[in-house]
Amino acid sequence: MIYRVDVEVTAPVHDTEVTDRVVDAVERLVPEADIERAPGEVRAEAHSLDRFSELLHEQEILDSARNEFAAGTQGEVVEFELKKQPAFVGVVNFAVGDPDELGGIRFEVHVHEPSVAAYIDHVAPPTEDGTPLES
């Protein structure tokens, strides 16, 4: 299956933070992203969430990811936010509840083909007793 997606990643960079560390955090989640440093922000664009999907599998948090994706889906767009601190070490931790004072890493995934549901199943497949139901 060929997936056509545009992934936009943004993360604020505050005065107390080192821009390169925020860039490193984004690269650990989406290594194939084209990253741009802007004043007070890091922006990235990618066309795949393959490494991110591997991290979800490794951490065994597919069900949590599916719940976050479902909650953040509007039409053909999936939005979610991750905490920066865990991302620095390549760990996926969804930002839920109170916003982090330094802001999170925000993802906006525009799915062009085939469908949002199919892409979510690709990135975070459904599970049974914690085991992915891969097709």
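Structure notes:
- To the nearest ten degrees, helix 50-59 and the longest principal axis of the Cα atoms of the chain are 80 degrees apart.
- Centroid-to-centroid separation of the stretch 1-45 and the stretch 70-86 [C-alpha atoms, Å]: 14 Å
- DSSP beta bridges fully contained in the chain are about 100 percent antiparallel.
- Amide proton proximity set for Glu41, modelled H, under 5 Å, gap of 5+: Val13
- A full extension of the chain between Leu133 and Val18 corresponds to an added length of 37.4 nm, given 0.36 nm per residue minus the alpha carbon distance.
- Modelled FRET efficiency - R0 25 Å, Arg4 with His57, Cβ distances, 0.05 increments: 0.65
- Tilt relative to the chain, helix 19-29 - C-alpha long axis, 0 to 90 degrees, to 10: 10 degrees
- Diffusion coefficient of the stretch 5-135 by Stokes-Einstein, Kirkwood radius over Cα pairs, 10 °C, 1.306 mPa s: 106 µm²/s.
- C-alpha long axis of helix 62-71 to longest principal axis of the chain, angle in °: 80 degrees
Taken together, the values in this text are just the output of simple stated rules run on the coordinates, not laboratory data. Please read all numbers here as calculations on a predicted model, not as lab measurements. Virtual Cβ from ideal backbone geometry, glycine too; neighbours counted across all protein chains shown.
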